[in-house]
1. Put +1 on the Cβ of each Lys and Arg and -1 on the Cβ of each Asp and Glu in segment 194-346; which of Ala305, Pro229, Val254 then has its Cα farthest toward the positive end of the dipole?
2. Can you give the relative contact order of the chain as a percent, counting alpha carbon pairs under 8 Å and 6+ residues apart?
3. Quick one: which of 133-141, 340-348 comes out on top by average Cβ neighbours within 10 Å, and what's the full order, highest first?
4. How charged is the neighbourhood of Arg399? Take every other residue with its Cβ under 13 Å from the Cβ of Arg399, and add Lys/Arg as +1 and Asp/Glu as -1.
5. Give the dimensionless ratio obtained when the Cα radius of gyration of segment 194-346 is divided by 2.2 N^0.38 Å.
6. Quick one: Debye curve from the alpha-carbon atoms of the chain only, equal weights, vacuum; give me log10 I(q)/I(0) at q = 0.06, 0.07 Å⁻¹ to two decimals.
7. If you put +1 on each Lys and Arg Cβ and -1 on each Asp and Glu Cβ, how big is the dipole of the chain around its Cα centre, in Debye rounded to 20?
8. Restricting to lysines 8 or more places apart or on different chains, can you count the pairs in the chain with Cα atoms under 29 Å from each other?
Amino acid sequence: MSMILNIHETSGPSVPRFENSYATLPQRFFERTQSTPVSSPRLIRVNAELAKELGIDPTFLASDDGVAMLSGNRFPETADPIALAYAGHQFGRFVPELGDGRALLVGEVIDIKGQRRDIYLKGSGPTRFSRNADGRAALGPVLREYIVSEAMAALGVPTTRALAAVTTGEPVRREVLLPGAVLARVAASHIRIGTFQYFTARGDLEGLKVLADHAILRHYPLVACRDRPYLALLEAVISRQAALIARWMLIGFVHGVMNTDNTSISGETIDYGPCAFMDEYHPGAVFSSIDQHGRYAYANQAGIAVWNLTRFAEALLPLLHGDRDEATKLAYHALSGFQFGYEPVYYAGLRRKIGLATSEEDDIALLADLFGLMEKNRTDFTLTFRGLADEIEAPAGTRSLFAEPAGFDDWAARWRERPAREPNDPVARRGFMLAANPRFIPRNHLVEAAIRAAVDHSNFGPFETLLEVTGKPYEEQFGREEYAQPPRDEERVVKTFCGT
Ligand code: AMP
Ligand code: MG
């Protein structure tokens, strides 16, 4: 196994000091739990950069005590590990109790910017919420979450992060036996829409209010001074979700399991299961093996976010107004604000992707025509947009991505006319296009190859390399050209699995 650490410390590693604000909430919010020890944990990787950002000593994480913590075998004294209670709509069906069935919140740290962040283990063993499942995670999905969440962070999208990963030395049984692993995840918090639903569904309005106050204090402190703080909380969550989904759409990301238990109140992308980036553009793109009806397809994601936020609004109704009809009216109005959070981010982002800093009425048609051509020609989403950036100064062969290049030529002629009315000079325009259009994304076939090497051959080299390449998505990386390429036919991955 490989381990990347660039830390040179002379004194012994310092043990992290955890805070536990969530554990001070009423007892029914969580279950105090010690994880189930594993026989021979081994470190796969420590994210030293992130550790430093969190004020955690990376050499501690790589030490025996650190690995003991990361595997759930032994925790520092200040940790207060708990499994969180939550509910959620899964594929449209309400489940009143889900909870952390294979995860633990170890504690919180205050990072170097003063932000409170959760340190959370995924795959740490059964809890009260496990039902009949084993509480474990397989190595493949742990590596997938590590790679994709770190790539999202590098792409500038709000997301949970990967702090470290360990193997447990114990097999987990899925369809076959697989190596077990634990991911250490960092999040602004693990409060989900489903957490609110948990209390409302039980008629526990006291719990609902405590949770809402905690979420406000933690994520939206300014909201506390508003006349209607709970309505303002709803509006703030809607606006962050709207901006988040717009960001996904701009990079061709498909989350895959947008259930309400996988929707964070903080506005971070959370729960990387069967997620994937599109190669060829297709609005109906679905990768998840369990999403048989395309509920969570690429182009449905904004609509599904509104559906999820409507469930959030329903859960908050008792706090919005004493009168149910009034509360519903307020919620309805707040939900109609989704588009005002979504559209500016989405359309400004799309304009930037084709090099436009100003806005003209016909731009929408210009963009729609490009998407129409991309769909018809099944061109690669990422390469097409990056190619346009390269076209700014001289023809760069983007037309060859299209099976019928003449259609692209006509479109490109219109597109070349349009920036003539832009204030930016071409060099500046190309610069901001390059910053909006990644060269490198964690393409599914590359993620799959990294997982296969690790799982089948204990070779973590491809995992390390992929992390390095996707960690600088907007840069040209000499010698890494193959990582920018779409899969060959035999490399294509059409289905992804949650691995639960
Ligand atoms: P997910 O699909 O990962 O969002 O998980 C949905 C629910 O199933 C959550 O309550 C998880 O804690 C639970 N869950 C998923 N996998 C397992 C597992 N292997 N053992 C116990 N609970 C699990
Ligand atoms: Mg989940």
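1. Pro229
2. That works out to 14 percent.
3. On the way: 133-141: 21.6, 340-348: 16.6.
Answer by packing, highest mean first, reads 133-141, 340-348.
4. Within the 13 Å Cβ shell, the charges total -4.
5. 1.07
6. Values returned for q = 0.06, 0.07 Å⁻¹ are -0.28, -0.39.
7. On the way: 54 positive and 63 negative charges, 178 e Å.
About 860 debye.
8. Eligible lysine pairs with Cα atoms under 29 Å apart amount to 15.
Coordinate-derived values only; no laboratory data. Predicted, not measured: the structure shown is a model, and the values here were computed from it. Because the Cβ atoms are built from the backbone with ideal geometry, glycine has one as well, and the counts that use them run over all protein chains shown.
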